[in-house]
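The values are calculated or read from the model by the stated rules, or taken from the named source; none is laboratory data. Quick caveat, the model's predicted, so the values are computed rather than measured. Here Cβ is always computed from backbone atoms with ideal geometry, including for glycine, and neighbour counts include all displayed protein chains. In case anyone asks, the SASA skips ligands and DNA or RNA and just uses the protein heavy atoms, side chains included. Shrake-Rupley method; radii C 1.70, N 1.55, O 1.52, S 1.80 Å.
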Amino acid sequence: MTLSRSHGFEKIPWHGVLTSVQPRIRLGRSFDQRNHMYLGYALRVRGNIGSEPKEFLVGVGEGAHAKHQFRAGDAVSGEALPVADPRIETVEFYKVSNVVVSVRGTAEEAPPPPWRDVPPPLSVCRERGHRRLVARTYEEKCATCIWGCHMAVEMIIDQWNPSNRRYRTETFCYGPRSCPLYRSGPVRKVPGRRGMSYTEEDWVDEEATSHRSSDE
């Protein structure tokens, strides 16, 4: 196999079966302000990265998903680079090329939740809005759901000194408000300058999803 190169780095071949496909979104926070960067999708792969067997996360762009319509159960291969800055990514590899879907996964027979079909375009997530999701529930019940999202969070602590930043991850749900698996967990706090902090209360989630009915 001839390996491709990107900016002087040799890409790593990978292959395996997808166990989940979720939106890949980065969250920027600055005290009570927040913004989202819609990067694409996170593929959770059970297979091999190079010669190493493991389960790993690969980030793909929205165009790749529009072309291949990834879903859990697909057998997929490609090449990718390790992420340059793990603080702002929840996937381990990205800049994917030479993607091949060799086997198409079948539709999920068990009724949802979790939902495991082909995820919708990112514009649907943007329109739906999200609610915070407790990390333990995400890990135990929602990590395979198309509506779950594990976001890398970059926080500007001092607006007058933007280089003062901190990083963490947060989990969210874009799914139906009536989902029986959903647990919100404690409110989230955002650190600010001079020891101040902002508490993101429940009304933020309620406002973000208030345009949806209970089953949407």
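Things to note:
- Among the residues making up the range 174-216, a single one is surrounded by 11 or more Cβ atoms within 10 Å (Cβ to Cβ), of a type in the set (K, R) and in a helix (DSSP H, G or I): R193.
- So R212, is it at pLDDT below 95 and out of contact with any strand residue (DSSP E or B) (no Cβ under 8 Å at 6 or more places or on another chain): no
- Any hit, the range 138-154, residues being open to solvent by less than 60 Å² (accessible area, probe 1.4 Å) and charged (D, E, K, R): yes
- Qualifying position, being within 28 Å of V17 (Cα to Cα) and either in contact with a helix residue (DSSP H, G or I) (Cβ under 7 Å, 6 or more places away or on another chain) or of a type in the set (S, T, Y) (or both), among Y182, Y167, Y198: Y182
- Selection from the range 58-76 of residues that are surrounded by fewer than 22 Cβ atoms within 10 Å (Cβ to Cβ), closer than 18 Å to Y94 by Cβ and aliphatic (A, V, I, L, M): A64, A66
- Filter result for V45 (part of a strand (DSSP E or B), buried (at least 19 other Cβ atoms within 10 Å of the Cβ) and free of Cβ contacts under 8 Å to residues at least 40 places away in the same chain): yes
- The residues listed here are A84, A75; of these, the one that is touching a His at 6+ places or on another chain (Cβ under 9 Å) and over 22 Å from V124 (Cβ atoms) is A75.
- Given (1) in a strand (DSSP E or B); (2) open to solvent by less than 10 Å² (accessible area, probe 1.4 Å), index of the condition C125 fails: (1)
- Verdict on T171 being crowded, with 17+ Cβ neighbours inside 10 Å, under 20 Å from L39 (Cα atoms) and either in contact (Cβ under 8 Å) with a residue 12 or more places away in the chain or under 17 Å from the mean Cα position of the chain (by Cα) (or both): yes
The rows are residues; the columns are (1) open to solvent by less than 20 Å² (accessible area, probe 1.4 Å); (2) more than 13 Å from P119 (Cα to Cα).
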| position | (1), (2) |
| --- | --- |
| F9 | no, yes |
| P13 | no, yes |
| R24 | no, no |
| F56 | yes, yes |
| G78 | yes, yes |
| P86 | no, yes |
| S97 | no, yes |
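- Residue tally, condition farther than 13 Å from P23 by Cα, β-branched (V, I, T) and in contact (Cβ under 8 Å) with a residue 40 or more places away in the chain, over the range 104-149: 2
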